[in-house]
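The values are calculated or read from the model by the stated rules, or taken from the named source; none is laboratory data. Remember, it's a predicted structure, so these values are computed and weren't measured experimentally. Glycine gets a Cβ as well: all are built from the backbone with ideal geometry, and neighbour counts include every protein chain shown.
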Amino acid sequence: MARLLATLPLLGGEVVGIPELNGHRNVHQVRLSSSVPHVDDILKVKSHLLPVSRLPTPTPSGASSEPSGDEPGPSVVEFFQANRMTDGVALGMSFHHAAFDGTGAELVLKALAECCRAFKAGSDAAPLASEFADNEVKLRALINEMPAAVEEQDHTSKYGTTATIPDMPASEEEARMASLDTSLLTSRFSFPAPKIEELRAFCNVYVQHTLGLDLVLSANDILNALLATSIKREPPARDAESHSSSGAQLQMAANIRKRFRQSDLQNYLGNAVAMVRVSIHSAETTSPTGTAVYGQDIAQLAAVAAEIRKGVLAVDEKHVFSLLSFMQEQKDWGALSVKLADTSISSWRHLSVYSMDFGEPLGRVDGFEMHMIPLKNVCIVMPRAVRTTQINGFGGRTDAPWEVNVTMTHAGMKRLMSDLLIVWATK
C-alpha cells in the first residue's frame with residue numbers, strides 16, 4: 001500500500017469545493033497533501049477473532065450493520081480498511097465518486113495487487129501504478145481540451161442543470177439514512193448464464209425477423225430488459241385495461257472509455273460514463289412455472305432490449321464530444337446532476353475482480369460485496385466470478401451466472417421475487 005501511495009499520491013488527496021475556477025462555479029477539485037502522504041492516511045488495519053462469513057452485512061444506506069465509528073470523512077479520495085479475519089483478509093475500499101467511477105476503482109485495485117506481488121518477490125517495480133500516474137494528468141487535460149461537438153445533441157432528458165443540495169444537519173442525515181435502512185431491502189438474484197443465452201437467442205430472432213431490425217442483442221441487453229420489465233410490471237389487475245404500464249424509464253451507465261480513438265483512455269481513472277435512457281413497456285407475464293417462455297414474454301423483452309441496444313450504440317465518440325460540450329457550457333457545475341429514472345442499472349460484470357492476484361500469502365479474491373445506493377429500483381450487476389469445473393479428471397471453466405444486487409421497497413421486492421419470468425430465469 002505504501003508503494004501504491006508513493007507512486008499514485010492522488011490517492012492521498014482530498015476532494016474540495018472551489019467556488020469559482022476557469023469560469024465555472026462550484027467546482028470539485030482534488031487537493032494533494034502539502035506533506036508527503038503516509039500510508040496511515042488511506043489504510044486502517046483491524047484484527048477480528050471471526051471468520052470472513054461473520055462480517056456485517058451491507059445495508060441499503062451504504063453503512064454496515066455494525067459501524068466502527070471512525071470511518072473517514074466524505075472528502076477523502078480513497079480509503080482502505082484491511083480486516084484480518086481468522087480465515088483470510090477482508091479488504092474494504094471506499095472512494096469519492098467525484099474522483100473515480102467503478103472502473104477507475106478497479107484499476108486502482110489492480111495496481112495494488114501488482115504492488116503486493118512485487119513486494120513479495122522483492123522487486124521495486126510498480127508498472128501499472130506508474131503508468132496510471134504518468135497518464136492521469138495528461139488524460140484529464142485531454143478530456144478538458146477535447147474539441148467542441150460539431151453536432152449538438154439534446155442531453156436535458158438525462159442531465160439536470162438546476163440541482164440543489166440541501167444543507168442538512170448531521171442528526172437529520174443520520175435519521176434519514178436509518179429510515180432508508182428500514183424502508184428498503186437489497187437482495188441478490190442469480191441468473192444462470194444458459195438461461196440468459198436462451199432468452200438472447202429467442203430475442204435476437206424476434207428482433208431481426210419480426211421487427212426487421214439490423215441489431216444483435218448482447219446478454220447484457222437481455223438481462224437489463226428482463227430486470228427493467230419485471231421490476232416495473234404491475235401486479236395482476238382485475239380489469240383487462242390495466243394489464244400494462246407505460247411511461248416508465250430505464251437508465252443505465254455506459255462506460256465510454258472504449259468510445260474514444262485514444263487507447264490511453266482505457267486506463268483513465270476518473271469518471272467516464274454516459275447515461276443511456278429508454279422507455280419500458282411491461283405487461284403481465286404469460287410464462288408458466290414450466291420450462292419455456294411464451295411469445296408475449298419474448299416480444300416484451302425483445303422490444304425493450306432493442307431500445308437498450310440502440311441507446312448503447314448511440315453513445316459514440318460524437319455523443320461524448322457533445323456531452324462534454326454540454327457540460328462545459330454550464331456555468332454552475334454544482335447544479336449539474338443525473339436525472340433519476342424509474343429503474344437504474346449499472347453493470348460491473350466487466351470488472352476483473354476475481355482474476356486479481358495479490359501474491360502469497362494473500363492470493364486471489366474469493367468474494368466480493370458492495371454497499372448499495374439508497375434508492376429504490378436500483379440494480380448493480382456484480383463482477384463475473386470465475387467458475388472452475390472438473391469433468392473426467394480434466395479441469396475447465398464455465399461462464400459464471402449473472403449475479404445482480406437489487407434494492408427495492410419491501411412490497412416491490414416481494415412482487416419481484418414472485419414474478420414468473422424472474423422465477424423461471426433464476427432456476
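In a strand (DSSP E or B), crowded, with 19+ Cβ neighbours inside 10 Å and over 18 Å from the mean Cα position of the chain (by Cα), is that true of Phe132? Considered against the rule, which asks whether it is in a strand (DSSP E or B), crowded, with 19+ Cβ neighbours inside 10 Å and over 18 Å from the mean Cα position of the chain (by Cα), Phe132 comes out as no. Across region 325-337, not a single residue is classified as modelled with pLDDT of 95 or more, surrounded by 17 or more Cβ atoms within 10 Å (Cβ to Cβ) and not β-branched (Val, Ile, Thr).
Apart from one condition, Val353 fits all of (1) surrounded by fewer than 17 Cβ atoms within 10 Å (Cβ to Cβ); (2) touching a Phe, Trp or Tyr at 6+ places or on another chain (Cβ under 7 Å); the exception is (1).
Within region 304-319, if we keep just the residues that are of a type in the set (A, V, I, L, M, F, W, C) and surrounded by fewer than 21 Cβ atoms within 10 Å (Cβ to Cβ), the residue that is nearest to Ala98 (Cα to Cα) turns out to be Val315. Looking only at region 49-63, decide whether some residue is in a strand (DSSP E or B), at pLDDT below 95 and more than 23 Å from Val353 (Cα to Cα). No; the residues of region 49-63 include none that is in a strand (DSSP E or B), at pLDDT below 95 and more than 23 Å from Val353 (Cα to Cα).
Conditions (1) in contact with a Gly (Cβ under 9 Å, 6 or more places away or on another chain); (2) surrounded by 12 or more Cβ atoms within 10 Å (Cβ to Cβ); (3) more than 21 Å from Leu109 (Cβ to Cβ), marked per residue:
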residue: Leu4; (1), (2), (3): no, yes, no
residue: Gly12; (1), (2), (3): no, yes, no
residue: Val15; (1), (2), (3): no, yes, no
residue: His28; (1), (2), (3): yes, yes, yes
residue: Arg31; (1), (2), (3): yes, yes, yes
residue: Pro37; (1), (2), (3): yes, yes, no
residue: Ile42; (1), (2), (3): yes, yes, no
residue: Ser47; (1), (2), (3): no, no, yes
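Among the residues of region 1-43, the ones that are touching a helix residue (DSSP H, G or I) at 6+ places or on another chain (Cβ under 7 Å), among the hydrophobic types (A, V, I, L, M, F, W, C) and either over 23 Å from Gln330 (Cβ atoms) or part of a helix (DSSP H, G or I) (or both) come to 10 in all. Taking the condition within 27 Å of the chain's Cα centre (by Cα), farther than 25 Å from Glu145 by Cβ and not acidic (Asp, Glu), does Leu32 pass? Against the criterion (within 27 Å of the chain's Cα centre (by Cα), farther than 25 Å from Glu145 by Cβ and not acidic (Asp, Glu)), Leu32 does not qualify.
Is it true that Ile373 is outside any helix (DSSP H, G or I), surrounded by 14 or more Cβ atoms within 10 Å (Cβ to Cβ) and at pLDDT 95 or above? When the stated conditions are applied, Ile373 does not pass them. Only a single criterion out of (1) modelled with pLDDT of 90 or more; (2) not in a helix (DSSP H, G or I) is not satisfied by Ala228, namely (2). In region 28-43, the count of residues that are at pLDDT 95 or above and on the phi < 0 side of the Ramachandran plot is one or more. Residues in region 399-427 that are surrounded by 18 or more Cβ atoms within 10 Å (Cβ to Cβ), within 23 Å of the chain's Cα centre (by Cα) and either part of a loop (DSSP other than H, G, I, E, B) or of a type in the set (Val, Ile, Thr) (or both): Pro401, Val404, Val406, Thr407, Ile422.
I'd like the full set of residues that are closer than 24 Å to Leu128 by Cα and modelled with pLDDT under 90, limited to region 246-266. Matches in region 246-266: Lys258, Arg259, Phe260, Arg261, Gln262, Ser263, Asp264, Leu265, Gln266.
Checking the structure you have, find out if any residue of region 188-199 is polar (S, T, N, Q) and at pLDDT 95 or above.
First pass over region 188-199, keeping only residues polar (S, T, N, Q): 190.
Within this subset, residues satisfying the condition of being at pLDDT 95 or above are 190.
Yes, some residue in region 188-199 is polar (S, T, N, Q) and at pLDDT 95 or above.
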